[in-house]
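The structure appears below as structure tokens.
Just so it is clear, none of the values below were taken in a lab; they were calculated from the coordinates. For clarity, every value in this text was computed on a predicted model and none was experimentally measured. Note that each Cβ is placed from the backbone with ideal geometry, even for glycine, and that neighbours are counted across all protein chains shown.
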Amino acid sequence: MSAVPEFEFRSSSACTYNNSDPRCVEVATNVPGKVAVRNSVTGRTVEFTADEWTGFLAGAKVGEFDLSA
């Protein structure tokens, strides 16, 4: 039986960690077919399929999730 690979998380280069506001979203794409998103403060993780993640990114790029003022 082969070992299950662990997620290797990374955060955006735009994310800055500091003592007053350490919040960042971290993403792992190293496990084939899966994408994990983690809250850097709580450590809570949500997993998506690669297709779900691709669909989310496509929607975000065209403003599908933008909030109206």
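Key figures
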item: Cβ-Cβ FRET estimate between residue 6 and residue 65, R0 fixed at 35 Å, reported to 0.05; result: 0.75
item: Linear extension gain, residue 46 paired with residue 58, 0.36 nm per residue minus alpha-carbon span; result: 2.5 nm
